[in-house]
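Okay, structure first, notes after.
The values are calculated or read from the model by the stated rules, or taken from the named source; none is laboratory data. Computed from a predicted structure; not experimentally measured. Here the Cβ positions follow ideal geometry from the backbone for every residue, glycine too, while neighbour counts run over all protein chains shown. Side chains are part of the model used for accessible areas, which takes the heavy atoms of the whole protein and leaves out ligands, DNA and RNA. Shrake-Rupley method; radii C 1.70, N 1.55, O 1.52, S 1.80 Å.
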Amino acid sequence: MKLQQLRYIWEVVQHNLNVSSAGRSLFISQPGISKQIRLLEDELGVEIFIRNGKHLAEVTPAGKIIIERAGEILHRVESIKQAALDFSNEKIGSLSIATTHTQARYALPSVISEFIGRYPDVSLHMHQGSPVQIAQLAADSEVDFAIATEGLELFEGLVMLPCYNWNRCIVVPREHPLTEVRTLTLQDVARFPIVTYVFGFTGRSKLDEAFTREGLEPKVVFTATDADVIKTYVRSGLGIGIIAQMAYDKVQDNQLVALDASHLFEPSTAMIGCRRGTFLRGYMYEFIELFAPHLNRSLVDEAFGSESREELGTLFADVNLPVR
């Protein structure tokens with residue numbers, strides 16, 4: 001069994017069983033990959049893939065276990081490479097982040113600017129997607145860090161660290177009737193058409209839970225993943241907007257009024273995390289601490305040493321997270 005063969009079967013699965021596509025990403029010919037897969041199957045005595053003629057149709061039950069183990073081995077190999085790099089040159093490398101639009105647009109710019117200033121020779125790559133997509137990228141080691149609020153608990157292999165709590169606000173045009181309400185209630189909000197995030201993005205579940213508890217059914221007329229898009233449609237008169245407080249800018253959004261909604265919805269927690277067993281280079285620790293100053297190196301190491309989510313939760317039980 002060769003490491004190269006494990007890389008081939010892993011890459012084929014990442015390319016939806018398209019051997020030609022996997023070959024292009026690996027700069028290997030399609031026949032070369034097919035031959036190595038056959039040799040691996042012969043050595044193991046089981047089929048990893050079910051074939052339909054010359055094409056791979058699906059992964060066998062045995063193949064699923066083998067590919068999962070192959071992914072773990074490849075991840076460990078990458079960790080060894082990262083460890084060697086850290087000792088050879090701790091200020092050169094790359095860092096990839098998967099996150100949502102809200103984090104990329106409002107929470108990360110100052111962090112990234114400071115990080116690049118400290119590590120100009122570390123290439124930084126950002127991927128945007130839904131929380132589930134983000135967590136999957138981290139679980140598959142396609143990115144170093146996942147940063148999001150929703151959906152990350154679905155992936156057992158990720159160690160998630162709490163960074164900060166954030167609240168919501170209601171954005172309305174300047175002459176809107178809600179600007180005259182002294183103490184906003186959910187009943188007040190439910191009277192108007194609502195423009196907000198797609199379910200599963202940026203704490204949307206907390207919003208829905210709040211209305212459900214009050215027995216209210218909000219009229220959500222438009223959803224988007226991007227707070228800037230939501231604000232655009234609020235300006236056009238489509239409805240009132242519910243967005244993350246950090247997404248409102250008094251200068252840029254001067255046509256809108258932000259109404260505090262922290263008493264209406266429970267705060268959400270932004271998290272940063274990566275796959276368990278990842279070797280964190282020195283600049284990775286520093287990025288985490290820039291994003292969440294309470295996450296110093298010793299606390300991060302302690303979190304990665306935890307054996308369960310319950311133990312991880314206990315570790316952060318007494319930490320007072322900042323609010324944004």
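Here are the numbers for the structure shown:
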{"read-out": "Carbon plus sulfur fraction of accessible area for the chain, probe 1.4 Å, in percent", "value": "51 percent"}
{"read-out": "The chain, relative contact order in percent, only Cα pairs under 8 angstrom and at least six apart counted", "value": "20 percent"}
{"read-out": "Compactness of region 271-324 as Cα Rg over 2.2 N^0.38 Å, two decimals", "value": "1.12"}
{"read-out": "Cα extents of region 1-146 along the three principal axes, largest first (Å)", "value": "53, 36, 25"}
{"read-out": "Evaluated at q = 0.08, 0.16 Å⁻¹: base-10 log I(q)/I(0), Debye formula over Cα of the chain", "value": "-0.48, -1.26"}
{"read-out": "Förster radius 41 Å - calculated FRET efficiency between GLU114 and ALA190 (Cβ-Cβ, nearest 0.05)", "value": "0.50"}
{"read-out": "Length added when fully stretched, LYS64-LYS250, from 0.36 nm per residue minus Cα-Cα", "value": "61.8 nm"}
{"read-out": "Net lengthening on full extension, SER29/ILE73 (0.36 nm per residue, minus Cα-Cα)", "value": "13.5 nm"}
{"read-out": "Two-site FRET efficiency, VAL221 against ASN320, from Cβ-Cβ distance with R₀ of 41 Å, rounded to 0.05", "value": "0.60"}
{"read-out": "Most to least packed among 157-168, 122-133 [average Cβ atoms within 10 Å]", "value": "157-168, 122-133"}
{"read-out": "Estimated distance in nm for a label pair at VAL132 and HIS294, the labels positioned 7 Å out from Cα along Cα-to-Cβ", "value": "3.1 nm"}
{"read-out": "Proximal charge balance of ALA190 [Cβ under 9 Å; K/R count +1, D/E count -1]", "value": "-1"}
{"read-out": "Neighbourhood net charge (15 Å Cβ-Cβ; Lys/Arg +1, Asp/Glu -1) for TYR106", "value": "+1"}
{"read-out": "TYR233-PHE199 pseudo-label distance in nm [points 7 Å out on the Cα-to-Cβ vector]", "value": "1.6 nm"}
{"read-out": "Per residue accessible area in Å² of the chain, where ligands, DNA and RNA are left out and the probe is 1.4 Å", "value": "50 Å²"}
{"read-out": "Surrounding net charge for PRO31, when Lys and Arg each add one and Asp and Glu each subtract one, Cβ distance under 12 Å", "value": "+3"}
{"read-out": "Contour excess over end-to-end distance, with Cα ends at HIS15 and MET1 and 0.36 nm allotted per residue", "value": "2.8 nm"}
